[in-house]
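Here is the structure we will look at, set down as structure tokens.
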Amino acid sequence: MDPRLANEGLTPLDPSYVTVLRIETLLIALPFVAGALAGEIGGLLFTGAFLVPVVLVFSLLVLMVPLKRFNARGYDISDDRLRVVRGLMFRKDTVVPFSRVQHIDVEQGPLERAFGIGRLVLHTAGTHNASVVLPGLRHETAVVMREAIRGHVKRETL
Amino acid sequence: MSTAEEEIAEGWQRVHPYAVVVTGIGNLKQAIFPMVIALFGSQGVGGLGTGLLLLILLLILLFNVGGSWLSWRKLRYLVSESDVRLEQGIISRQARSVPYDRIQDVSIEQGLLPRLFGLVEVRFETGVGGKDELELAYVTMEEGERLREVVRDQKEAPALPVSSPDARPVEEPAAPERGTLLFAMPPARLVNFGLFEFSLVIVAILGATLQQVEFLLPFDLWDLEGWEQRLSGPGQWLAGLGWASQAIGLFVALATLALLGIVTGVVRTVLRDWDFRLEKTPKGFRRRRGLLTKTDVVMPAHRVQAVTVGTGIVRRVWGWHSLSFISLAQDSRSANHDVAPFAQMAELEPIVAEAGFHLPAADTDWHRPSPKYRIDAAMFSAIPITIAGIACLFFEQTEWIAPVLFAIALFEAVRQHFLWHYERHAVDATQILTRRGWLAPRTTVASPMKLHSVEIAQGPIARRRGYCHLVFGLAGGTLAFNGLKLEEAEAMRCGVLESIAAVDFANLPR
């Protein structure tokens, strides 16, 4: 057995999640690019000394990394538990039994709304993994999953 | 349950009027320091008359009492059908409602001052901890007990079939608070316990106080040259005494410090754990302790998520252990409840059994993490320190640090070696067990049924070296097995998930 956490048999996320991740990375990159532009205009060094490396690094980050992150993520929903796998460098593979879910959220940021995707958040009573987030689902899928899980959530007594 | 209905008919309630006095005096304690400063400060100015000074003091006093009276007026609470509500605040109002089924536990605390007035502070623990908990300061002892009873009875009611909302559980037989004594600490045991609770906190407090009141001292405390000059008289004589006398002096100084530490430990322990009693009542575990500040905590048995048996480097020689319960409710700012802080193993076993757990047997099938994990951990802590040590060797001023750093690096490597020997984990039919620590090992026993999630985590190094970490979602605590083989972790996760799925959250055994 490969001593690495694999993604076999997992359901992939919605492809538009890659676009969302790319736009998010782009938003982070913008201030740096603006800084590089300012450096260019100031003419501190030869032409392109700031802009070229910054744009190169960020185009790599914007184009490649979100795809890799997307491929590293996945989930598996069975009739009594949800498994969420995530992480490129630091892999995490979490399983939450539905019978231990305290409450469920479906969240949607403005960017996510534009692409019709949402985040499913499961809250548990545990100190570790108090909330397990599964991003990048089609909003309808997330709502369907919420309804399915809600059927299992029993009144809390513990 | 007639009392609860009467209260609901009455509606909102205020806390006891004496609370004004108690909180007022409590606030005054904080105000004393500025007052002293004002007194001394005005001496320096000299221009202020005694009358004006008295006026200022009177104003502070009035402000205090007025403030606590106003907050008393503006605070009200309601014990309703489904929740406990509290409204407070003078300018910005704050309303809080806590449903009964979220209340983990009702604890009653009695400080020295409220005790003189027969008052207690009631706290409704929900697991959020600290300031966000609902607190009532102060009500009478009887009211506190009554609130506790109301909450408990309300909490038990919904466990019955919800067919008719009026269905109330059959009243328990009278005198439910008389439980069986599980553990108590007589004064001799308490002093013995205190001897191991060595603490130099008093030195720190003295230092901090000195720094605070420094301006009152006739000399500068931190003026080293001044000290040298002062010592040059008798100090010269001290230096002349020679090596042996200086050694004796050092010994006396250390012995004084040790004595101070031991006395502090004993005093603190006696104050905190005086008349320590743990009882098993029909409502759960009830713990009472304290000399000046008395506390009375009840933990429902089914809320105990895990139990931990710990010890200390020195006390383990005599076989002394401590037992604490992990639950969502907090116990004086700590997530664990001390239930038997100083006991022999044989005394702990029945308490653990009462909580529904059992301590590891001799034939427990213990497992160790992968040695690779320990090697990596040793490298990670030792190599950077060693490099720093080598760097220090290049500069004359820092040369002396290098051996210290090398020693620390060596110690870290040795520690990891011993941790590999001592730390272990096991999963048996009903429990998850771990043992942590080297010199003062700590054993935690948890029930897989009471876990909330299971995670397998792998960092970049762990992936290359083929191990992973298994982290459990435990309410109120942490439980993780580090450095497992992936197959082993997956097998364990499977087993735990099976036992979670077998028991529904709502039907956990009581």
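The values are calculated or read from the model by the stated rules, or taken from the named source; none is laboratory data. Since the model is a prediction, treat every value here as computed from it, not as a measurement. Here the Cβ is made from the backbone with ideal geometry for all residues, glycine too, and neighbour counts use every protein chain on show. Ligands, DNA and RNA are excluded from the accessible area calculation, which covers all protein heavy atoms including side chains. Shrake-Rupley method; radii C 1.70, N 1.55, O 1.52, S 1.80 Å.
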- Going by the conditions given, is residue A:126 buried (at least 20 other Cβ atoms within 10 Å of the Cβ) and farther than 30 Å from residue B:463 by Cβ? no
- Task: Please work out if residue B:146 is more than 21 Å from residue B:296 (Cα to Cα) and under 28 Å from the mean Cα position of the chain (by Cα).
- Result: no
- Screening B:123, B:73 for residues that are in contact with a Leu (Cβ under 8 Å, 6 or more places away or on another chain) and either surrounded by fewer than 16 Cβ atoms within 10 Å (Cβ to Cβ) or under 30 Å from residue B:284 (Cα atoms) (or both) leaves only B:123
- Could you tell me which residue of the stretch B:275-309 is nearest to residue B:141 (Cα to Cα), considering only residues that are among the polar types (S, T, N, Q) and open to solvent by 20 Å² or more (accessible area, probe 1.4 Å)? B:295
- Task: Output yes when any residue across the stretch B:451-460 is away from chain A (no Cβ under 14 Å), closer than 30 Å to residue B:345 by Cβ and of a type outside the set (Asp, Glu), and no when none is.
- Result: no
- Kindly indicate which of B:9, B:31, B:4 is over 20 Å from residue B:86 (Cβ atoms) and modelled with pLDDT under 80. B:31
- Of the residues in the stretch A:132-145, how many are without any contact (Cβ under 8 Å) to a residue 12 or more places away in the chain and within 14 Å of chain B (Cβ to nearest Cβ)? 0
- In the stretch A:30-54, what residues are open to solvent by less than 70 Å² (accessible area, probe 1.4 Å) and assigned to a helix (DSSP H, G or I)? A:33, A:34, A:35, A:36, A:38, A:39, A:40, A:42, A:51, A:53, A:54
- Message: Any residue in the stretch B:262-288 that is among the charged types (D, E, K, R) sitting within a Cβ distance under 6 Å of a residue that is open to solvent by 30 Å² or more (accessible area, probe 1.4 Å) and assigned to a helix (DSSP H, G or I)? List the pairs, counting only those 6 or more apart or interchain.
- Response: B:280/B:354
- Note on the structure: Within the stretch A:85-129, the residues that are at the interface with chain B (Cβ under 7 Å from one of its Cβ atoms), within 17 Å of the chain's Cα centre (by Cα) and not aliphatic (A, V, I, L, M) are A:90, A:91, A:92, A:93, A:94, A:129
- Query: List, please: which pairs have Cβ atoms under 6 Å, are six or more places apart or on different chains, and start with a residue in the stretch A:94-123 that is over 27 Å from residue B:490 (Cβ atoms) and end with one that is among the polar types (S, T, N, Q)?
  - Reply: A:115/A:16; A:117/A:16; A:118/A:108
- Test each condition in (1) crowded, with 19+ Cβ neighbours inside 10 Å; (2) among the basic types (Lys, Arg); (3) at pLDDT 90 or above for residue B:272 and report the one that comes out false. (3)
- Answer yes or no as to whether residue B:149 is modelled with pLDDT of 75 or more, within 15 Å of residue B:283 (Cβ to Cβ), open to solvent by 40 Å² or more (accessible area, probe 1.4 Å) and in the same structural domain as residue B:68 (by TED's automatic domain parsing). yes
- Query: Considering only the stretch B:475-491, how many residues are out of contact with any His (no Cβ under 7 Å at 6 or more places or on another chain) and either within 7 Å of another protein chain (Cβ to nearest Cβ) or within 25 Å of residue A:102 (Cβ to Cβ) (or both)?
  - Reply: 5
- Item | Where residue A:118 falls short, out of the listed (1) at pLDDT 85 or above; (2) surrounded by fewer than 19 Cβ atoms within 10 Å (Cβ to Cβ); (3) not aromatic (Phe, Trp, Tyr) | (2)
- Message: Which condition from (1) surrounded by 19 or more Cβ atoms within 10 Å (Cβ to Cβ); (2) at the interface with chain A (Cβ under 10 Å from one of its Cβ atoms); (3) over 18 Å from residue A:132 (Cβ atoms); (4) not charged (D, E, K, R) is the one that residue B:433 breaks?
- Response: (2)
- Has the stretch B:80-91 got any residue that is surrounded by fewer than 20 Cβ atoms within 10 Å (Cβ to Cβ) and under 25 Å from the mean Cα position of the chain (by Cα)? no
- (1) farther than 30 Å from residue B:280 by Cα; (2) assigned to a strand (DSSP E or B) all hold for residue B:412 apart from (2)
- Task: With respect to residue B:423, determine if the residue is open to solvent by less than 50 Å² (accessible area, probe 1.4 Å) and either of a type in the set (Gly, Ala, Ser) or within 7 Å of chain A (Cβ to nearest Cβ) (or both).
- Result: no
- Sole exception among (1) part of a strand (DSSP E or B); (2) open to solvent by 20 Å² or more (accessible area, probe 1.4 Å) for residue B:254, by number: (1)
- Failed criterion for residue A:83 (all others in (1) in contact with a helix residue (DSSP H, G or I) (Cβ under 9 Å, 6 or more places away or on another chain); (2) surrounded by 14 or more Cβ atoms within 10 Å (Cβ to Cβ); (3) not in a helix (DSSP H, G or I) hold): (1)
- Message: Can you say whether residue B:386 is of a type in the set (S, T, N, Q) and either open to solvent by 60 Å² or more (accessible area, probe 1.4 Å) or in the same structural domain as residue B:467 (by TED's automatic domain parsing) (or both), as far as the supplied structure shows?
- Response: yes
- Note on the structure: When restricted to B:415, B:442, B:464, the only residue among the basic types (Lys, Arg) and either within 11 Å of chain A (Cβ to nearest Cβ) or surrounded by 19 or more Cβ atoms within 10 Å (Cβ to Cβ) (or both) is B:464
- Note on the structure: The condition from (1) assigned by TED's automatic domain parsing to the domain that holds residue A:125; (2) touching a residue at least 40 places away in the same chain (Cβ under 8 Å); (3) of a type outside the set (Val, Ile, Thr); (4) more than 29 Å from residue A:113 (Cβ to Cβ) that residue A:9 misses is numbered (1)
- Please give the number of the condition residue B:284 fails out of (1) within 14 Å of another protein chain (Cβ to nearest Cβ); (2) touching a Lys or Arg at 6+ places or on another chain (Cβ under 6 Å); (3) small (Gly, Ala, Ser). (2)
